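A.B. asks: The structure follows.
The values are calculated or read from the model by the stated rules, or taken from the named source; none is laboratory data. Please read all numbers here as calculations on a predicted model, not as lab measurements. Every residue, glycine as well, gets a Cβ built from its backbone with ideal geometry; the counts of neighbours run over all protein chains shown.
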Amino acid sequence: MNGTRAGVATGLALYDQAATDAAATIIARYSTSFGLACRMLGSRPRPHVRNVYALARVADEVVDGPAEEAGLTPELAGRLLDELEREVLTAIDRGFSTNLVVHAFARTARECGIGPDLVEPFFASMRTDLTTTRHDAASHDVYVYGSAEVIGLMCLQVFVNAGAQHPVTPSPELIEGARRLGAAFQDVNFLRDLSHDGEVLGRDYLGLSAGEDQRAAVCDRIDADLAAAAAVIPLLPADCRRAVTAAHDLFAELAARLRACEPDGGRVRVPDAVKARVAARAMLGFAPRDVRA
């Protein structure tokens, strides 16, 4: 039996809610900044965005430490990613998975029009982390598309389609903005985690060995991507704009601090008081921060 009984979810409705709750728990445990921005989303897109990021977080953990700590070899981790990708694609087709995080993502994918064209590049980039330790410009761009830009595109599908009877394709302007914002987020993370990625994970995503000129070029690229994304945020549905503005501005603040700091000055973060000001500014409806000012 499905639906509700005396106001309480039963059957598939109960299972769906349990899956959504599991995804929300993962986000709450792993990311305070993202969790803050996500809470600013309207009730229509919020659970779906959590579902997207929860799956991405689980896949990321296969390649970024926990799986290795559990004793898995890179070869076995690769097989786990393959299995997870097949499970996700099958769940999108069937509408059900015994894995709660996969089930939550599949529900979102079916409702919002997220298909293999976005899922497959994501898993391809995750597998790259098991085989590639140093990226050049070309492999960086391919990796960033799969690991970050497609996540932005998945979220855009949610923003446009959550609750709609039939999913539609977002406008080219929104697609470009989503990709640029995802790329900016990823490059900020690369720059912030440079020491950890190199010393702990043995990876070099940015190739900054040539010094400050390359670092400045990365910062300039981040600012250009943030500016391009900011220009289209006003085109988003109203119940998404404040959250996306907050996320944009948090990363803009982090990018500015990274540009100003010494390369070996330790891990840069945005203080909680500054995060609160950024969130308050977004909630009041201010436009995204102008990184060119």
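A.B. asks: Do we find that F123 is in a loop (DSSP other than H, G, I, E, B) and modelled with pLDDT of 95 or more in this structure?
C.D. replies: Against the criterion (in a loop (DSSP other than H, G, I, E, B) and modelled with pLDDT of 95 or more), F123 does not qualify.
A.B. asks: Condition check: in contact (Cβ under 8 Å) with a residue 24 or more places away in the chain, part of a helix (DSSP H, G or I) and within 19 Å of the chain's Cα centre (by Cα). Does A184 satisfy that?
C.D. replies: Criteria met by A184.
A.B. asks: Among the candidates I222, I233, which residue alone is assigned to a helix (DSSP H, G or I) and touching a Ser or Thr at 6+ places or on another chain (Cβ under 7 Å)?
C.D. replies: Only one candidate qualifies: I233.
A.B. asks: If you don't mind, there's one more thing I want to ask. Among L89, L118, L80, which is assigned to a helix (DSSP H, G or I), over 16 Å from the mean Cα position of the chain (by Cα), closer than 25 Å to F190 by Cα and at pLDDT 95 or above?
C.D. replies: Answer to the check: L80.
A.B. asks: Just give me the residues in the stretch 201-215 being touching a residue at least 12 places away in the same chain (Cβ under 8 Å) and either at negative phi or among the charged types (D, E, K, R) (or both), in sequence order.
C.D. replies: Passing the criteria: L201, R203, D204, Y205, L206, L208, E212, R215.
A.B. asks: With respect to S97, is the statement that it is surrounded by fewer than 19 Cβ atoms within 10 Å (Cβ to Cβ), modelled with pLDDT of 95 or more and not in a helix (DSSP H, G or I) true?
C.D. replies: When the stated conditions are applied, S97 does not pass them.
A.B. asks: Within the bounds of the stretch 136-158, is there any residue that is hydrophobic (A, V, I, L, M, F, W, C), buried (at least 18 other Cβ atoms within 10 Å of the Cβ), touching a residue at least 40 places away in the same chain (Cβ under 8 Å) and more than 17 Å from D117 (Cα to Cα)?
C.D. replies: Within the stretch 136-158, not a single residue is hydrophobic (A, V, I, L, M, F, W, C), buried (at least 18 other Cβ atoms within 10 Å of the Cβ), touching a residue at least 40 places away in the same chain (Cβ under 8 Å) and more than 17 Å from D117 (Cα to Cα).
A.B. asks: Can you name the residue in the stretch 72-94 that is aliphatic (A, V, I, L, M) and over 22 Å from T132 (Cβ atoms) and, of all such residues, is surrounded by the most Cβ atoms within 10 Å (Cβ to Cβ)?
C.D. replies: Step by step, filter the stretch 72-94, then rank; the result is V88.
A.B. asks: Considering the stretch 195-219 alone, what residues qualify as being closer than 21 Å to L130 by Cα, in contact with a helix residue (DSSP H, G or I) (Cβ under 9 Å, 6 or more places away or on another chain) and assigned to a helix (DSSP H, G or I)?
C.D. replies: Scanning the stretch 195-219 gives a single hit, D197.
A.B. asks: Considering only the stretch 257-277, how many residues are over 30 Å from D213 (Cβ atoms), among the hydrophobic types (A, V, I, L, M, F, W, C) and surrounded by 11 or more Cβ atoms within 10 Å (Cβ to Cβ)? Steps first, answer last, please.
C.D. replies: Our first condition is that a residue be over 30 Å from D213 (Cβ atoms); within the stretch 257-277, this holds for 272-273, 275-277.
Retained after the next criterion (residues that are among the hydrophobic types (A, V, I, L, M, F, W, C)): 273, 276.
From the residues that got through so far, the ones that are surrounded by 11 or more Cβ atoms within 10 Å (Cβ to Cβ) too are 276.
So the count comes out to 1.
A.B. asks: Quick one: would you say V63 is in contact (Cβ under 8 Å) with a residue 60 or more places away in the chain, among the hydrophobic types (A, V, I, L, M, F, W, C) and either surrounded by 17 or more Cβ atoms within 10 Å (Cβ to Cβ) or more than 26 Å from D197 (Cα to Cα) (or both)?
C.D. replies: yes
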